[in-house]
Structure formats: structure tokens, C-alpha cells
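A short write-up of the structure that comes next.
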Amino acid sequence: MFPLRAFLDMEMTGDEPGVGVASVDLADQHLNPYGVVHGAVLFAMVDTAMGKATMSVVDDGRYCASVEVSLRFIRPVAEGRVTATATVLRRGRNLVHLDARVVDPDDRLVATADGTFALLGEPSG
């Protein structure tokens, strides 16, 4: 587990190819001064879920990095478990395009995102 994921106490689930899921049980350290989840927490969740989704469709020894991620906040959330689910829309030779949705404990939409990840390193084999 990398340090930011550990710091946020982010859980990764989902083994379906092309999908990545990140969840956080909100606590005081996740909230902004106004008592709702900080946008950076949601961004980290989306970015991490997108990375997991990307790596689930990479089998040639390469790794990935975000090129661009756009996050749109829909509604604030202050408590409970928030979950980001990212899905690969298209994998190209060097780029992977994704979208994501973040929901609250009642499955209400909190944020949406789209992103592009680069495939880096030399393909093996």
C-alpha cells in the first residue's frame, strides 16, 4: 500500500477487468473546515481507482500515470462511506481513457470524473 492510500485509509476492491473501486469511511481527517469531505480526498480516490482500472487491462509489464483527470462535484457529503468506481472506456496503445462516479452511502451521486492515463515503460515480450 502506498503512503497516501494508507493515510486516507482507502480500501481498494473489485477484480473485474477494466474497473477500479476505491472507498473511504469518512472521518474528521477527511473533512474540510466546513465539515464536508475535502475535494482532494475525492480526487485521490478517483485517481487511484482509475489507476487500478488501468492496470487491470495492462498485461505487458508497463505501468501507468495520470495525464489528465477532470472532477466535477455534484453534492457535498459529510459522513459515511464514499465509493469511487472507475471504468476503462478505451485502451489504446499508449493511452487509456476512463470515467468514474463517486457515490455516498445512499448511492447518491457526489462527483463524476473523466481521465486519461499514459502507459509507460517498455512492453515486455
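With the checklist (1) closer than 18 Å to Glu122 by Cα; (2) in contact (Cβ under 8 Å) with a residue 24 or more places away in the chain; (3) loosely packed, with under 15 Cβ neighbours inside 10 Å in hand, flag the one item Ala78 doesn't pass. With respect to (1) closer than 18 Å to Glu122 by Cα; (2) in contact (Cβ under 8 Å) with a residue 24 or more places away in the chain; (3) loosely packed, with under 15 Cβ neighbours inside 10 Å, Ala78 is out only on (1). Residue count for the stretch 15-25 satisfying the condition of being open to solvent by less than 30 Å² (accessible area, probe 1.4 Å) and under 15 Å from Val102 (Cα atoms): 6.
Right, Gly115: on the phi < 0 side of the Ramachandran plot, surrounded by 20 or more Cβ atoms within 10 Å (Cβ to Cβ) and not in a helix (DSSP H, G or I) or not?
Values: on the phi < 0 side of the Ramachandran plot: yes; surrounded by 20 or more Cβ atoms within 10 Å (Cβ to Cβ): yes; not in a helix (DSSP H, G or I): yes.
When the stated conditions are applied, Gly115 passes them.
Residue count for the stretch 9-42 under the criterion of being outside any strand (DSSP E or B) and either over 19 Å from Glu79 (Cβ atoms) or touching a helix residue (DSSP H, G or I) at 6+ places or on another chain (Cβ under 6 Å) (or both): the result is 7.
To keep it simple, each residue is scored yes or no on (1) more than 18 Å from Phe2 (Cα to Cα); (2) part of a helix (DSSP H, G or I); (3) over 16 Å from the mean Cα position of the chain (by Cα); (4) of a type outside the set (Val, Ile, Thr).
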{"residue": "Met50", "(1), (2), (3), (4)": "no, yes, no, yes"}
{"residue": "Ala53", "(1), (2), (3), (4)": "no, yes, no, yes"}
{"residue": "Val57", "(1), (2), (3), (4)": "yes, no, no, no"}
{"residue": "Gly61", "(1), (2), (3), (4)": "yes, no, yes, yes"}
{"residue": "Val77", "(1), (2), (3), (4)": "yes, no, yes, no"}
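The values are calculated or read from the model by the stated rules, or taken from the named source; none is laboratory data. Predicted, not measured: the structure shown is a model, and the values here were computed from it. Using ideal geometry, Cβ is built from the backbone for each residue, glycine included, and neighbour counts are taken over all protein chains shown. These accessible areas exclude ligands, DNA and RNA; they are computed on the full protein's heavy atoms, side chains included. Shrake-Rupley method; radii C 1.70, N 1.55, O 1.52, S 1.80 Å.
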